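Here's the structure, in structure tokens; my notes come after.
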Amino acid sequence: MHMEIRDMINSIKDLGLSVKIDTNGSFPDRLSDCGADFIAMDIKTAFSRYSSVLPENIDREEAVEKVRESISLILKSGKPHQFRTTMVPGIVGVEDFQEIIPAIQGAHTYLLSGFRPGNTLDTAFSVIDPYDESIIDTTAELLRNAGIEVKTVLNRTA
């Protein structure tokens, strides 16, 4: 989000430190050649359903195009990277990965996280039951079958 991200990254790297960027893909122009050593990007759902997770006051078609552009930039960057999705029932399901997988071919790793209800920004999500582990396993298998290394985190409460 920060306009001066490149300068900030360069200052950190001048200290001899490595830099990881976490993004939702909204600003591909700032992501391009930003100088980060590692890039992690959230993919919320299938592109055809992205409008359901976007604010109403933005151009949704343009926003989805920016997400796609960010994915492409990351894949072409040659930098270590990871795409990730929190498996939130009603937002993303196994079927959405039929649309996501073609866009991320060549990805280094994909992190699937189980949704954990509770203290959420939108209280409607605090009562959603998380997916059963088998749904996350099925989604992981789809990604593995596409040649993508997958890591899973269930995020279950004790």
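The values are calculated or read from the model by the stated rules, or taken from the named source; none is laboratory data. If you're wondering where the values come from, they're calculated on a predicted model, not measured in any experiment. Cβ: placed from backbone, ideal geometry, glycine included. Neighbour counts: every protein chain shown. The protein model used for the area step is the full one, side chains on, heavy atoms only, and it has no ligands, DNA or RNA in it. Shrake-Rupley method; radii C 1.70, N 1.55, O 1.52, S 1.80 Å.
Just one of the numbered conditions (1) touching a residue at least 40 places away in the same chain (Cβ under 8 Å); (2) part of a helix (DSSP H, G or I); (3) open to solvent by less than 40 Å² (accessible area, probe 1.4 Å) is not true of Leu73; which one?
Unmet for Leu73, out of (1) touching a residue at least 40 places away in the same chain (Cβ under 8 Å); (2) part of a helix (DSSP H, G or I); (3) open to solvent by less than 40 Å² (accessible area, probe 1.4 Å): (3).
Do we find that Ile136 is free of Cβ contacts under 8 Å to residues at least 60 places away in the same chain, assigned to a helix (DSSP H, G or I) and in contact with a strand residue (DSSP E or B) (Cβ under 7 Å, 6 or more places away or on another chain) in this structure?
Judged against the criteria, Ile136 is a match.
Pick from region 2-16 the residues that are of a type in the set (Val, Ile, Thr) and in contact (Cβ under 8 Å) with a residue 24 or more places away in the chain: which of them is least open to solvent (accessible area, probe 1.4 Å)?
It comes out as Ile9.
Considering only residues of region 17-66 that are open to solvent by 70 Å² or more (accessible area, probe 1.4 Å) and of a type in the set (Gly, Ala, Ser), which is nearest to Ala103 (Cα to Cα)?
Going through the qualifying residues, I end up with Ser48.
Given the criterion outside any loop (DSSP other than H, G, I, E, B), at pLDDT below 90 and either of a type in the set (A, V, I, L, M) or touching a Gly at 6+ places or on another chain (Cβ under 8 Å) (or both), identify the matching residue among Ser126, Ser51.
Ser126
With the structure loaded, tell me whether Phe97 is modelled with pLDDT under 90, assigned to a helix (DSSP H, G or I) and surrounded by 16 or more Cβ atoms within 10 Å (Cβ to Cβ) or whether it fails that test.
No.
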